[in-house]
Every structure is written in structure tokens, then in C-alpha cells.
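Worksheet: one structure, shown below.
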Amino acid sequence: MYWFSMGVALLAALGIIAIGVMYLSNPKTAMRSFGLPLPEQGSNIAWWLRLKGVRDVAAGLVVLALMLWGEPRMLGVILLIEAMIPVGDMSLIFAAKGSTGKALGVHGLTAALMILAAIPLVTGWV
């Protein structure tokens, strides 16, 4: 279970960092993969989307730092807390009547894997 949990944590961290970099470098293209309709056009839209990129990179770096220097239980707690992000994303996509496939297939699956990886770390089953 330890390697499963650490593997999911690593994939989640690297994945969200990559998504964050996409939002920083090409925010409008990255937004199309999220599951919501594109926001209205405006000169500042790209800058608002880049804010998400900064936060995504930071969230991924927190997980990587805990993998390197933290205890397994604390990594599990952080994974549980950060799983709120894809759960929230999924809920907002549903509320906005966005893409159900992306809500479940991207955000819901990510949250489920993060929670499944966190449980053994928090409970000490590793």
C-alpha cells in the first residue's frame, strides 16, 4: 500500500504542477480542458486564469515537499485536504452545468485516487 500511496501522491503532485504550468503559459487553451465553458472575452481573462496556475503549482510543490521531508501520516492528511480541490472543481462544474464527463472523469477520479492514497498513510496501514 505504501508504494501505491506514494505513487498516487507523486502523480497528483506532478500532474497538478503540469496543469499549473499550462495555465501560466497558455491559460485559454488550458481552460478548455477544465470542463466549464470559457469565460467571457476580456483583456484580463488570461491573467485571472494564470492565478489558478500559480495555485496549482504551489499545491503540487507542497505534496512533493512532504514526500521528501515529511512523515507519511502528514502526507496523507495533506492529500485529504488537497482532495477538496478536485471535489470542489467537480461540484462547481456540475452546478454550472458543464461537462459531466470531465467533472467525473477528471476531477472526481482525481479526488477518489487522492483519498484512496491518503487513507493508508493517515491510518498507518503502510
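The values are calculated or read from the model by the stated rules, or taken from the named source; none is laboratory data. Not measured: the values here are computed from a predicted model. Neighbour counts are summed over all protein chains in view; Cβ atoms, including those assigned to glycine, are modelled from backbone coordinates with ideal geometry. Surface accessibility is based on the protein's heavy atoms, side chains included, excluding ligands, DNA and RNA. Shrake-Rupley method; radii C 1.70, N 1.55, O 1.52, S 1.80 Å.
Determine the calculated [θ] at 222 nm for the chain from helices alone, applying -39500 (n - 2.57) to every DSSP H run no shorter than 4 residues and normalising by the residue count; nearest 500 deg cm²/dmol.
Helix contribution divided over all residues of the chain: -24500 deg cm²/dmol.
Given a 1.4 Å probe, how much area per residue of the chain is accessible, in Å²?
Details: 7390 Å² over 126 residues.
Heavy-atom SASA per residue in the chain reads 59 Å².
Compute the long axis of helix 45-69 from its Cα atoms, compare it with the longest principal axis of the Cα atoms of the chain, and write down the angle in degrees, 0 to 90, nearest 10.
10
How much of the accessible area of the chain, in percent, comes from carbon and sulfur atoms when a 1.4 Å probe is used? Write out the running numbers ahead of the final one.
Details: 5450 of 7390 Å².
Ligands and nucleic acids excluded, carbon and sulfur reach 74 percent.
Please determine, in degrees from 0 to 90 and to the nearest 10, the orientation of helix 72-82 with respect to the longest principal axis defined by the Cα atoms of the chain, where the helix direction is its Cα long axis.
20
Under the √(5λ) rule applied to the eigenvalues of the Cα gyration tensor, what semi-axes describe the equivalent ellipsoid of the chain? Give them in Å, descending.
Values: eigenvalues 160, 53, 19 Å².
Each semi-axis is the square root of five times an eigenvalue, giving 28, 16, 10 Å.
Of the options Ile115, Ser43, Leu79, report the single residue whose Cα projects farthest towards the positive end of the charge dipole of the chain (beta-carbon charges: Lys, Arg +1; Asp, Glu -1).
Sorting the options by dipole projection puts first Ser43.
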